[in-house]
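The values are calculated or read from the model by the stated rules, or taken from the named source; none is laboratory data. Nothing here was measured: the structure is a model prediction, and the numbers come from that model. Glycine gets a Cβ as well: all are built from the backbone with ideal geometry, and neighbour counts include every protein chain shown. Keep in mind that these areas ignore ligands, DNA and RNA; they rest on the heavy atoms of the full protein, side chains included. Shrake-Rupley method; radii C 1.70, N 1.55, O 1.52, S 1.80 Å.
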Amino acid sequence: MKSAIVGCGNIAQVHGRVLTEWIDTQLVGAVDTDIEKAQKCAHVWQTKAYGSLEEMLRHERLDVLHICTPHNLHVPMAEYALARNIHVFMEKPPVISWEQFQRLKQALDSTEAKLGFCYQNRFNPSVQETKNILSSGRAGRILGARGIVTWNRGAAYYTESTWHGRLASEGGGVLINQAIHTLDLLQYLLGRPLAVEASMTNHHLKNVIEVEDTMEAYIRFERDVCASFYATNAYCADVPPLVEIICENMKIRMEDLELTIFYPDGSQEKPKLEYREALGKSYWGTGHRYCIMEFYQALEQGNRFALDLPAMEESIRLMLGVYESARDGRVVELV
């Protein structure tokens, strides 16, 4: 199997390491419009550097393309690869608009190639254990939940970038870039979202960015479960994201990789979780390696990948619905 990575920024370093250390594939190309970035990655990964996806595909026969580019390029590049029956593994976000969502669905309908998404936090041991507890019935009925992300992104994060902070290229701010995984975990753990009411604002970088630095939402899920969501990158530090689920028999709290269970009698339990190495920044979690490995295993065995478009559709609709509600100032129905 032959693979390539397009977009040679920070997250591409994680993909490159996984592909060169843990996956039985030949990495045949590193692609970036900044050719110096591509050359640096190509040197580390012992592969070839290219300045465009089109150029790379003129020279290389490819089985899998990893898309690690700015957000607005995810869908166009996926369309280009899928039309050539090249499998695609895409970094978040899957899309930045409802129109892109429809285009991606149409691209998949016209190819035999597979598409998978890198929502690596679903592979964190803390998340997997929480999912197991909820599925077992031991926690009882879910009563409600909250998800909180309080991080810091200063002006330099945006001014030193060619695409961060711009609506056309990033598609949004704190939600689509920093807090998308926490919103996804609420959907993954609570089930089908039915409606959302949200608001957004820009508190601390009004003259620097076009996108929100703060987003809040009230989400109604199936089985009369409601969740509160709050995300900001106007905080003074990067604090571990929190997901808390209140159930009949316990309260489950995840703070990044830590999991604590609180019981009605006042006792607490910290389940013993598998240690996994974090690749890249700590708040990226420990799931990248396992998410990518499972995608390749699914390709090799001809199985469905757990994070394909049908599996992620509810999460994508929720993200787009939050933005639609915040923009229009109304409740958005998701079904």
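Suppose we keep only residues that are touching a residue at least 60 places away in the same chain (Cβ under 8 Å) and surrounded by 19 or more Cβ atoms within 10 Å (Cβ to Cβ) within region 78-100. Which one would you say is farthest from L183 (Cα to Cα)? That would be H87. Taken over region 165-181, the residue count meeting the criterion of being open to solvent by 10 Å² or more (accessible area, probe 1.4 Å), in contact with a Phe, Trp or Tyr (Cβ under 9 Å, 6 or more places away or on another chain) and part of a helix (DSSP H, G or I) is 2. When the residues of region 212-260 are filtered to those that are assigned to a strand (DSSP E or B) and of a type in the set (G, A, S), the one that is surrounded by the most Cβ atoms within 10 Å (Cβ to Cβ) is A231. The residues on offer are L242, L205, and the sole one that is more than 23 Å from R141 (Cβ to Cβ) and in contact with a Gly (Cβ under 9 Å, 6 or more places away or on another chain) is L205. Within region 36-81, restricting attention to residues that are among the aromatic types (F, W, Y) and part of a helix (DSSP H, G or I), which residue is farthest from T111 (Cα to Cα)? Checked region 36-81; the qualifying residue farthest from T111 (Cα to Cα) is W45.
Scanning region 315-330 for residues that are farther than 14 Å from M200 by Cα and in contact with a strand residue (DSSP E or B) (Cβ under 6 Å, 6 or more places away or on another chain) gives a single hit, L318. The residues of region 1-22 that are open to solvent by less than 20 Å² (accessible area, probe 1.4 Å) and part of a loop (DSSP other than H, G, I, E, B), listed by number, are G7, C8. Within region 82-120, being in contact with a Leu (Cβ under 8 Å, 6 or more places away or on another chain), in a helix (DSSP H, G or I) and of a type outside the set (A, V, I, L, M) holds for W98, F101, K105. Considering region 131-156, the residues that are part of a strand (DSSP E or B) and either more than 29 Å from V174 (Cα to Cα) or among the polar types (S, T, N, Q) (or both) include one that is least open to solvent (accessible area, probe 1.4 Å), namely T150.
For first residues located in region 184-213 and free of Cβ contacts under 8 Å to residues at least 40 places away in the same chain and more than 22 Å from R330 (Cβ to Cβ), partners that are surrounded by 15 or more Cβ atoms within 10 Å (Cβ to Cβ) and among the hydroxyl-bearing types (S, T, Y) and lie 6+ apart or on another chain with Cβ distances below 7 Å form the pairs H203/T214.
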